[in-house]
1. Quick check: net charge around Lys64, other residues with Cβ under 15 Å of its Cβ, Lys/Arg +1 and Asp/Glu -1?
2. Using a Cα-Cα cut-off of under 16 Å, which aspartates and glutamates could be cross-linked to Lys86, ignoring same-chain neighbours fewer than 8 residues away?
3. Under 9 Å from the Cβ of Val112, count the other residues' Cβ atoms, weight Lys and Arg +1, Asp and Glu -1, and hand me the total.
4. What dipole magnitude, in Debye to the nearest 20, does the chain give about its Cα centre under +1 on Lys/Arg Cβ and -1 on Asp/Glu Cβ?
5. Please report how far the C-alpha centroid of region 42-64 lies from that of region 6-40, rounded to the nearest whole angstrom.
6. So, taking all protein chains as they sit and a 1.4 Å probe, how much accessible area belongs to Val92, in Å² rounded to tens?
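The values are calculated or read from the model by the stated rules, or taken from the named source; none is laboratory data. None of the values given here were measured: they were computed from a predicted structure. Backbone-built Cβ (ideal geometry, glycine too); neighbour counts: all protein chains shown. Note: areas computed on protein heavy atoms with side chains; ligands, DNA, RNA excluded. Shrake-Rupley method; radii C 1.70, N 1.55, O 1.52, S 1.80 Å.
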Amino acid sequence: QVQLVESGGGLVPPGGSLRLSCAASGFMFRANNMKWYRQAPGKDRELVADINSDGRTNYADSVKGRFTISRDNAKNTVYLQMNSLKPEDTAVYYCNAHWYPGVWGQGTLVTVSL
């Protein structure tokens, strides 16, 4: 059974940092491209960053230079390091595996506010 469990969200002031984690199980993690999405209140879910099996990365323009996606295949975990956070980064963040686009975890809430 494919499972994705996100963690690491919280309340942080503007300019702060957070590191999100996504623990994956039930599939061949190392062979999958992994993605981080986010969904802000009243908005569609959007792709934030992805990392392929070779470690190449892509980012949405809105987070380039501030967010870093990485993976640890030994731990079946993908990370999202978020720096210089802005109020508009407030959202529920989800990870997703390329081969299982319909499988989602519960997400982790990031709130950027004073």
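1. Details: positive: Arg38, Arg56, Arg66, Lys86; negative: Glu46, Asp50, Asp61, Glu88, Asp89.
Net local charge, Lys64 excluded: -1.
2. Cross-link targets: Asp61.
3. Summing Lys and Arg as +1 and Asp and Glu as -1 gives -1.
4. Here the size comes out at about 160 debye.
5. If we compute the Cα centre of each part, the gap is 11 Å.
6. 40 Å²
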